[in-house]
Structures are given as C-alpha cells and as structure tokens.
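Data first, discussion second: the structure below is written as structure tokens.
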Amino acid sequence: MRLHDLIDILACPACKGKLTATEDGAYLLCSPCGLRFPVREGIPVMLLDEAEKIQGQEPGDTGR
Ligand SMILES: [Zn+2]
C-alpha cells in the first residue's frame, strides 16, 4: 500500500483531522495541531508520543 493511499484512511490521533505528507514522504503533517508524525520504513507512526512539533508553527489551541 502506498503512502498516499494510507493518508486517505489515516487521521490525526489528536484532532481526527486530515493529514498531509511531506514531499519526501518522511513525515505526515497535521497543520491544525502543528504536529508531524514520522514514517518509518513506509509505515506511518500515528502515536502522539512519537509526534514532533512542527518548527515555527503554533499549535492550535482547542482548550477552550
Ligand atoms: Zn491534528
């Protein structure tokens, strides 16, 4: 299964939003959360523990 097929069925574990892949396919991005999820050997790791903050982007404040 290719990464772009996976993106259609995957959702961000935090906001259940749609993900976008980076150009090199190394990460899946969730812009509302400002998080990126690593793709290891073609398998997206959809764990908040593994997610990284996207540099220079404020995470959306959904607390209120
Ligand atoms: Zn999200």
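The values are calculated or read from the model by the stated rules, or taken from the named source; none is laboratory data. What you are looking at is a predicted structure, and each value in this text was computed from that prediction instead of being measured. Please note: Cβ atoms are built from the backbone with ideal geometry, for glycine as well, and neighbour counts cover all protein chains shown.
Quick rundown of the values:
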{"item": "Of residues in the stretch 22-34 being touching a Leu at 6+ places or on another chain (Cβ under 8 Å) and among the aliphatic types (A, V, I, L, M), the one surrounded by the fewest Cβ atoms within 10 Å (Cβ to Cβ)", "result": "Leu29"}
{"item": "Condition met for Leu19 (surrounded by 12 or more Cβ atoms within 10 Å (Cβ to Cβ) and modelled with pLDDT of 90 or more)", "result": "yes"}
{"item": "Candidates Ile9, Ile54 - the one that is exposed (fewer than 13 other Cβ atoms within 10 Å of the Cβ), more than 9 Å from the chain's Cα centre (by Cα), aliphatic (A, V, I, L, M) and modelled with pLDDT under 95", "result": "Ile9"}
{"item": "Those residues of the stretch 16-39 which are touching a residue at least 24 places away in the same chain (Cβ under 8 Å) and either farther than 16 Å from Glu50 by Cβ or among the charged types (D, E, K, R) (or both), in sequence order", "result": "Ser31, Pro32"}
{"item": "Candidate set: the stretch 35-45, residues that are assigned to a loop (DSSP other than H, G, I, E, B) and modelled with pLDDT under 95; chosen: the one surrounded by the fewest Cβ atoms within 10 Å (Cβ to Cβ)", "result": "Glu41"}
